[in-house]
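The values are calculated or read from the model by the stated rules, or taken from the named source; none is laboratory data. All figures in this text were calculated on a predicted structure; none of them were measured in a lab. Quick reminder, even Gly has a Cβ in these numbers, built from the backbone with ideal geometry, and neighbours come from all protein chains shown.
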Amino acid sequence: MIWGGTVIKDPYFPATSMPDSDWWQELWPDPDRVVRDFGVLPNMAVLDVCCGDGRFTVALCRAAAPAGVQAIDIDADELHRARQACTAENCENVSFVQADVSDLSQIIHQPQDFVFIANTFHGVPDKMAFAQGVRRILKPNGRLVIVNWHDVEREQTTVMGKPRGPATELRLSPDDCAETIAAAGFSLCDLIELAPYHYGAVFKI
C-alpha cells in the first residue's frame, strides 16, 4: 500500500487489529449510549471509518435512521462481521465499503454530517492527510469524532485481567490529538470522557 507517497508493507494500521469479542463487549457494553453522547441524530449522514466488526456501526445506524450509514474498513473479514452484526439487529440503513481510508474524498462522494473513527486513529500513518480527507467530505456544520485510548502506560489499561490497547508509545493525549487535527483546519469543540480508558474528541471545521 502507498500512503502519501510512503510505501507501507502492512495494509493495516499499526496496532489496530480487532480484539476478541468477549473483551470488546467488556470494554464497550453500551455503544448506543456512546453514540448518543456524541450527538448523532436522526437523518444525519454518518460515516463509520475503520468500522471493524460493527459494534459501533449498529449503534450509529439506530441513531441516524432513517438516513443511511456508510461503514468502511480495509479488512474484508471485519466488514463481513459488521454486515452480520447489522443484519442481526435489523439495521438496513447501512452500506459497506472495503477501502483504504488515506483520502476519504476519493471514496465518499456525498457530504457527511458526522465522521466517526474509534480505536484506530493512533495507528494512522499520515494523520494530517487523513484529517484533510475528512474535511473535504464534511458539511459546513459537520463533526469529526475520534475515540482514542488515553495516553497512559499499556499496563494500566487492563481488560479481563490483561493489558489491552495499543503500545504506550502510540497513544495520543487529547492535546496531541487536537494539535494534529487543528493543523488540517479543525477546532476542538468537545471532549468526552469514556470510562474506563478512552476519551472522545469532537472536532468542527
task = Might you check whether a residue that is of a type in the set (Asp, Glu), touching a residue at least 12 places away in the same chain (Cβ under 8 Å) and closer than 18 Å to Gly39 by Cα occurs anywhere in segment 125-143?
result = no
**Message:** Based on this model, can you work out whether Ala88 counts as aliphatic (A, V, I, L, M) and modelled with pLDDT of 95 or more?
**Reply:** yes
Within segment 102-136, of all residues that are more than 24 Å from His150 (Cα to Cα) and among the small types (Gly, Ala, Ser), the one surrounded by the fewest Cβ atoms within 10 Å (Cβ to Cβ) is Ser105
Going through segment 177-198 in order, the residues found to be under 24 Å from Asn141 (Cα atoms) and more than 17 Å from the chain's Cα centre (by Cα) are Glu179, Ala182, Ala183, Ala184, Gly185, Ser187, Cys189
